[in-house]
Amino acid sequence: MKLSVPGRAVAAALVAATTLVTSGSIADAAPAAAAPNIPVANVKAHLSQLQSIATANGGNRAHGRAGYKASLDYVKAKLDAAGFTTTVQQFTAAGRTGYNLIADWPGGDANQVVMAGSHLDSVSTGAGINDNGSGSAAVLEAALAVSRAQYKPTKHLRFAWWGAEEQGLLGSRYYVNSLSSANRSKISGYLNFDMIGSPNPGYFVYDDDPAIEKTFQNFYTGIGISTEIETEGDGRSDHAPFKNAGVPVGGIFSGADYRKTAAQATKWGGTAGQPFDRCYHSSCDTTSNINDTALDRNSDALAYAVWELSA
Ligand code: DTR
Ligand code: ZN
Ligand code: ZN
């Protein structure tokens, strides 16, 4: 509507509002597309592939090792087949070549970019299936769900898989530093997923940005799960470079090597006095080191936030 004719604009808005009210149901208005349920079997199938990649490459998917590049090639092929525009960003860190994978979903407002990302590297001591095959597989499956739905969000969607997180957030920092300040300011939010299928899970939500936090909170409230604020990892994952550059950030986390308290076991189940992930950074971080219920809920939370924040 033109601002030069405010009277008309207001009148038109009133007519529209009246129409909605008198028609008796807001269902008559075109509803925003609802986020899909993410099939956890698909997420687990990606985890099996990442496990096989580690097994075939010396037991890990670490920065600078063959298992990392093979992981990236696996994710990239899925995205290319689904219609994403993918970019591999190469960098050098700790004397080895590293890679970030960026996948843009064509369309949406390029001045309002919503990003969801996870680190794809493991430590060298294991396959890294909860840390962080879980986030990587869930972000991949959410991206594939965008393609299946042929979702047309208002904002532009971008998905990312970071290299060299375990070396000190090197891939995500490289990406943020590589953006012009104009392009940085177009990112309306960055959502981070690092460890979302912990075997003795908690449900933690980052509290960095109130609107993003509220979005995740609404999801968990809707499925009857109480959450806690994530305080353990401040600055310990790939959202930190974005936050430091002034980008609003958020995310979810199911716990690492800290122990679950009795109060937490009462509300979430699981075992009090045991770590959320007893295989954190160990050789037992395999496909057996995943709680399917947590992975399922958190994958759905991820998709919900992507849909809601880009609508
Ligand atoms: N950055 C993770 C470990 C980690 C520990 N606490 C948190 C809290 C939130 C996200 C991540 C983490 C790793 O990759 O080892
Ligand atoms: Zn780690
Ligand atoms: Zn991690």
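Every read-out reported here was derived from the displayed coordinates using simple, explicitly stated rules and does not represent laboratory data. Treat the numbers as computed from the prediction; the structure is a model and nothing was measured. Cβ coordinates were reconstructed from backbone atoms using ideal geometry, including for glycine residues, and neighbour counts include every protein chain displayed.
Using Cα centres only, tell me the gap between the stretch 51-130 and the stretch 140-168 in whole Å. Between the Cα centre of the stretch 51-130 and that of the stretch 140-168, the gap is 11 Å. Most tightly packed first, judged by the mean number of other beta-carbon atoms within 10 Å of their residues, the peptides 67-79, 192-204, 129-141 read 129-141, 192-204, 67-79. Between D257 and D207, the contour length at 0.36 nm per residue exceeds the Cα-Cα span by 16.0 nm. Given +1 at the Cβ of Lys and Arg, -1 at the Cβ of Asp and Glu and no other charges, the dipole of the stretch 77-213 around its Cα centre is 480 debye to the nearest 20.
Summing Cβ point charges (Lys, Arg +1; Asp, Glu -1) relative to the Cα centre of the stretch 204-262 gives a dipole of roughly 140 debye.
Shown here is the pair-distance distribution of the stretch 144-267: with all Cα-Cα distances grouped in 10 Å bins from zero up to the longest one, the shares run 11, 38, 36, 13, 2 percent. 3J(HN,Hα) couplings calculated from phi for the stretch 120-133 with the Karplus curve 6.51 cos²θ - 1.76 cosθ + 1.60 (θ = phi - 60°) are, in sequence order, 9, 7, 9, 6, 7, 8, x, 6, x, 7, 6, 10, 9, x Hz; Gly and Pro show x.
3J(HN,Hα) along the stretch 175-188: 4, 4, 5, 7, 7, 5, 5, 5, 5, 4, 6, 7, 7, 7 Hz, from the Karplus curve 6.51 cos²θ - 1.76 cosθ + 1.60 with θ = phi - 60°, whole Hz, x for Gly and Pro. When peptides 100-110, 213-223 are ranked by their average number of other Cβ atoms within 10 Å per residue, the highest-first order is 100-110, 213-223.
R0 = 30 Å: FRET efficiency of N183 with C284, Cβ-based, nearest 0.05? Working from the Cβ atoms, E equals 0.15.
Each of S52 and T293 was given a label point 7 Å from its Cα along the Cα-to-Cβ line. The distance between the two points is 3.0 nm.
Placing +1 on the Cβ of every Lys and Arg and -1 on the Cβ of every Asp and Glu, with nothing else charged, gives the chain a dipole about its Cα centre of roughly 640 debye. Is the stretch 76-217 best put as rounded, prolate or oblate by its Cα gyration tensor, with a ≥ b ≥ c the root eigenvalues, rounded for a/c under 1.5, and otherwise prolate when a/b is larger than b/c, oblate when not? Verdict is rounded for the stretch 76-217.
The stretch 171-205 and the stretch 207-280 have their alpha-carbon centroids 14 Å apart. Pick out, from S124, L157, G107, the residue whose Cα sits farthest towards the positive end of the charge dipole of the stretch 96-160, with +1 on the Cβ of Lys and Arg and -1 on the Cβ of Asp and Glu. Result: G107, furthest along the dipole toward the positive end. In this simple spin-label approximation, T125 and N218 carry label points 7 Å from Cα along the Cα→Cβ vector, and these lie 4.1 nm apart.
Which shape class, rounded, prolate or oblate, goes with the stretch 49-95 when its Cα gyration tensor gives a ≥ b ≥ c as root eigenvalues, a/c under 1.5 marks rounded, and past that a/b bigger than b/c marks prolate? It is oblate, given that a/c is not under 1.5 and a/b is not larger than b/c. Note on the chain: lysine pairs with Cα distance below 26 Å, sequence gap of 8 or more or different chains, count 24. Remark: the chain is approximated by an ellipsoid whose semi-axes, taken from the C-alpha gyration tensor as √(5λ), come to 35, 24, 18 Å, largest first. Each residue, A34 and Q150, gets one label point 7 Å from its Cα in the Cβ direction; the gap between the two is 2.1 nm. Decide, for the stretch 151-221, between rounded, prolate and oblate: order the square roots of the alpha carbon gyration tensor eigenvalues as a ≥ b ≥ c, take rounded if a/c falls under 1.5, and otherwise choose prolate if a/b is larger than b/c, else oblate. Taking the square roots of the gyration eigenvalues as a ≥ b ≥ c, the stretch 151-221 is oblate. In this structure, the amide hydrogen of G98, modeled 1.01 Å from its nitrogen in the peptide plane, lies closer than 5 angstrom to those of F91, T92, A93, counting only residues at least 5 positions away or on a different chain.
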